[in-house]
Amino acid sequence: MADRRSGVQHRLTRVYLLQVVLISLATVFGVMATAKIIEHVLVKQALKREAEHFWALYDTDPEFSRPDTRHMLGLLTQPDGTGDRIPESFQSLAPGYHRVDLAGDRPIVFVEDYAGARLYLIFDERRVAALALVFGVLPLTGVLLVIYLMSFITWRKSRQLMSPLVQLAEMLRGAPITDPRAARPEFDLIETEADSEVAVLVAALEAYADRLLDFVERERQFTRDASHELRTPLAVIRANLELLGARFPDVPSVQRIEDTVGDMEALIATLLLLARSEHRQLPEERLIVNDLVLNMVERLQPLSASKNVALRSEQRSMLKLTAPEQVLSIVITNLVRNAINYTNSGSVEVIVGKNDVIVRDTGPGINPDDLERLLQPFERGVGSKEGGHGLGLAIVQRLCERFKWKLEVASEVGHGTQVRISFPAWQTWSKF
């Protein structure tokens, strides 16, 4: 099951939290920038203008009183050394702006010289900061609270809108696929707003599930009917062929009909097996693949003899496998039959390795461009004159994919074809 933390709702939550963090950081940096602007631009410019105004008045009246307000205090020393008493911490200050420790505070001190006199303007910005808090930070905090509230409402609404989709995804993810009727989700359990997009989606999925179930049921009914209707006439044909073969033992056409009937029976059994395997688990058993290959080679000897093809097996290793015997037999039989049918003369060899089975023939080979096409149903070799429906390799591929077997086809025009089936290590066993 997929990690729930990667779902849409958790993504929305992460986006909301990221939005809150970014807004908060932007606010903090904005307040800090505002404080710096107030200090470095407004306050300093005000002190500069206040000093210019004082010097203008000082020119007309050297005894003009220094600034002394609630927020600002001015101190002046005359050229002759007289004037106001200057704190010791101010005496070493150069002209310009400074922050100086004074009575437990750090006010801004502006120092400026003019005509031998020195002016100290001491500005206490605590009240200015309080005004900035009242008229700046508090309204900004209110705006932030409104933004946070709207973001929270949007997040809650988004979760409510996405909740049916998440519920639908969980329902579909947990639905069993072996039983079509049980696999149909209970769409009525999903709560959606009327006429919403999610309600339309759920309704469409419900209608689609109903149509799909009807199709599956028709397919299963057809499989059951085909199993009965096709096997019965084939059994009749097989019985009459045995009588005909006993009466005319050396007639080649009778042997060809028997081979064709055998191919049809194998094809029907394979198709029915594929249909059943997609709906329920096939029983697995411990097999010795070498014995299965030997029996299959012996069973197909008449077919290879009629084609003037030498069929033999090579046992390179003892291969023991846990798998459905019927499936493995169908896969190898299809490959060997296909190799015999497309080899006009020469040999077909079945090799059992440590964890694979190889079917190799000396037929005409397959063009590389045709290999992928031949793995599709109802596709046959270009220019082939052999009978069949072109289902052999497609069936083998479907069965190999179903049971996690690896199918590899290698071929060279004029030098034959080799098909390898590799089995995963967890399917092999070493003890009886």
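The values are calculated or read from the model by the stated rules, or taken from the named source; none is laboratory data. Because the structure is a prediction, the values reported are computed rather than measured. Every residue, glycine among them, receives a Cβ derived from its backbone with ideal geometry; neighbour counts consider all protein chains shown. Note: accessible area is taken over every heavy atom of the protein model, side chains too, but ligands, DNA and RNA are not part of it. Shrake-Rupley method; radii C 1.70, N 1.55, O 1.52, S 1.80 Å.
Numbers below:
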{"item": "Amide H contacts of Leu287 (H built 1.01 Å from N, under 5 Å, at least 5 apart or other chain)", "result": "Leu321, Thr322, Ala323"}
{"item": "Additional length obtainable on full extension of the chain from Lys320 to Ser345, 0.36 nm per residue less Cα span", "result": "5.8 nm"}
{"item": "Whole-percent carbon and sulfur share, accessible surface of the stretch 69-116, 1.4 Å", "result": "52"}
{"item": "Prolate/oblate/rounded call for the stretch 79-120, Cα gyration tensor, a/c under 1.5 rounded", "result": "oblate"}
{"item": "Pairwise label distance in nanometres, Glu265 with Phe248, each label 7 Å out on the Cα-Cβ vector", "result": "2.1"}
{"item": "Whole-Hz couplings from phi, Karplus 6.51/-1.76/1.60, listed for the stretch 241-253; x for Gly and Pro", "result": "5, 4, 5, 5, x, 5, 7, 10, x, 10, 8, x, 5"}
{"item": "Most to least accessible of Ser304, Ser313 (protein chains only, probe 1.4 Å)", "result": "Ser313, Ser304"}
{"item": "Kirkwood Rh and Cα Rg combined as Rg over Rh, evaluated for the stretch 284-343", "result": "1.00"}
{"item": "Accessible-area order (highest first, 1.4 angstrom probe) of the listed residues Lys406, Lys307, Lys157", "result": "Lys406, Lys157, Lys307"}
{"item": "Karplus (6.51, -1.76, 1.60) ³J(HN,Hα), θ = phi - 60°, over the stretch 97-107, in Hz, Gly and Pro reported as x", "result": "9, 8, 10, 10, 6, 8, 6, x, 10, 10, x"}
{"item": "Length added when fully stretched, Glu284-Asp225, from 0.36 nm per residue minus Cα-Cα", "result": "18.6 nm"}
